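Single-structure report; data block below.
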Amino acid sequence: MSKHRNSGLLLIGLAYLGFVSLGLPDGLNGVAWPSIRATFGLPIDGLGALLLMFTAGYLVSSFASGRVLSTMGIGTLLSLSCLATGLSLIGYSLAPVWSLIVALAVIAGLGAGAIDAGLNTFAATQFSPRMVNWLHACYGVGAAGGPAIMTSVLAANHPWQQGYAVVGVWQLALAGCFILTRRKWPSISEDEPKSTSARASNIATLKLPAVWLSIATFFFYTGLEASSSVWTFSLFTESRGASMVTAGLWVSVFWCALSVGRVLSGLVANVISWQRLISTCIVGIALGAALIWINITMSLSFVGLGLMGLACAPVFPTLIAATPSQLGPGHTANGVGFQIAAAVLGQSLIPAGIGVMARRFGLEIIGPMFLLNTGVLVGLYVSLLIVGSKNARRLEYGVTVEAN
């Protein structure tokens, strides 16, 4: 019994470390980008190519994860995924040309997408809702550590490549841990709960208006979250004259606030309704974006970034948790898959789009773009509440779904 319990605790610890590792590379890019641009002589919107190729790899591995898990299991998948991510990051640090880094981003995306899918599948079958919230909080811990690592490297007058090398070595070490424990991870086929209702086809799910509103909501929310990390360092240092160390610190604060917010939201999720929680958070996001745009003082802009991180925290996991009540059991699996895909696209396409705008109009366009994105998010969320509540009432009266 003690041996089984210790094995379970080991897997829980590795799962949490896996989500930390998922966030580390995402936190590196925003701080490193000005230095990467200088090294390779790139335009300000050149980051878009890296983000798009990363997304392509991420989408491929996410969509294929179910089939892959059925053949090789979680432990092996996590081992190979961490290995791919670690090697790609070390490749970043050694690449002599920008085009090679862009190519390696595909491998990084393949690894990150498989880690995300594998760990979320494990969590769905093994963890309580509270532990799942805390698992996602670990992503914020990693994303906060990324800027701190890169800032420390640059502040010590070391090249940006060393920051990627450090995180790459961490990923390889974690891959070693997954390899050593690969036989301890449970089989998905044994732990997957049996469905109690007919599962709708993808086409049937896509016929629901609430699904399309949900897809758009995830796209714009995740794009705003990613943009806040990617572009504020450049805004604060290149446009507003903040020191590299100070700006890097506040990018880390954004992710720390997001992690703390997710821990707290897990504690209050049963106290207030999910609708009220997200509504309050969106107001906080709008206020933070306004403080960054108006820039009354540099300190208030920094506070605005921290407020955005805290307010963003519960949105993603809470919307995921609300999906069954909005769509119904038969559409939930399809709906969540569409939401994750939309989120991955949003976290690449929207920062890339803001980069194009910054190149044309200057870095100060970033604040207004944050606020505009938040306005779109408000409209989509209100529409989702209206349409989703109608769908929920139909479900309450026993309307069934179209099954495969």
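Reported count of residues in the range 84-100, each being without any contact (Cβ under 8 Å) to a residue 60 or more places away in the chain and crowded, with 20+ Cβ neighbours inside 10 Å, is 1. Among the criteria (1) buried (at least 19 other Cβ atoms within 10 Å of the Cβ); (2) at pLDDT below 90, the one Ala341 does not fulfil is (1).
Yes/no per residue for (1) out of contact with any Gly (no Cβ under 7 Å at 6 or more places or on another chain); (2) in a helix (DSSP H, G or I); (3) more than 16 Å from Met53 (Cα to Cα):
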{"position": "Gly73", "(1), (2), (3)": "yes, yes, yes"}
{"position": "Ser81", "(1), (2), (3)": "no, yes, yes"}
{"position": "Val102", "(1), (2), (3)": "yes, yes, no"}
{"position": "Ile107", "(1), (2), (3)": "no, yes, no"}
{"position": "Ala112", "(1), (2), (3)": "yes, yes, no"}
{"position": "Leu119", "(1), (2), (3)": "no, yes, yes"}
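Of all residue pairs spaced 6 or more apart or on separate chains, those with beta-carbon atoms under 6 Å, a first member in the range 278-301 that is free of Cβ contacts under 8 Å to residues at least 40 places away in the same chain and farther than 13 Å from Thr232 by Cα and a second member that is surrounded by 14 or more Cβ atoms within 10 Å (Cβ to Cβ) and not acidic (Asp, Glu) are Cys281/Ala311; Cys281/Pro314; Cys281/Val315; Gly284/Leu307; Gly284/Ala311; Leu300/Leu291. Applying the condition of being hydrophobic (A, V, I, L, M, F, W, C) and surrounded by 24 or more Cβ atoms within 10 Å (Cβ to Cβ) to the range 312-335 and asking which residue is modelled with the highest pLDDT yields Cys312.
With respect to Gly48, is the statement that it is crowded, with 24+ Cβ neighbours inside 10 Å, assigned by TED's automatic domain parsing to the domain that holds Gly86 and closer than 24 Å to Tyr139 by Cα true? Against the criterion (crowded, with 24+ Cβ neighbours inside 10 Å, assigned by TED's automatic domain parsing to the domain that holds Gly86 and closer than 24 Å to Tyr139 by Cα), Gly48 does not qualify.
The values are calculated or read from the model by the stated rules, or taken from the named source; none is laboratory data. Everything numeric here is computed off the predicted structure, so don't read it as measured data. Don't worry about glycine lacking a Cβ; one is built from the backbone with ideal geometry, like all the others, and counts go over all protein chains shown.
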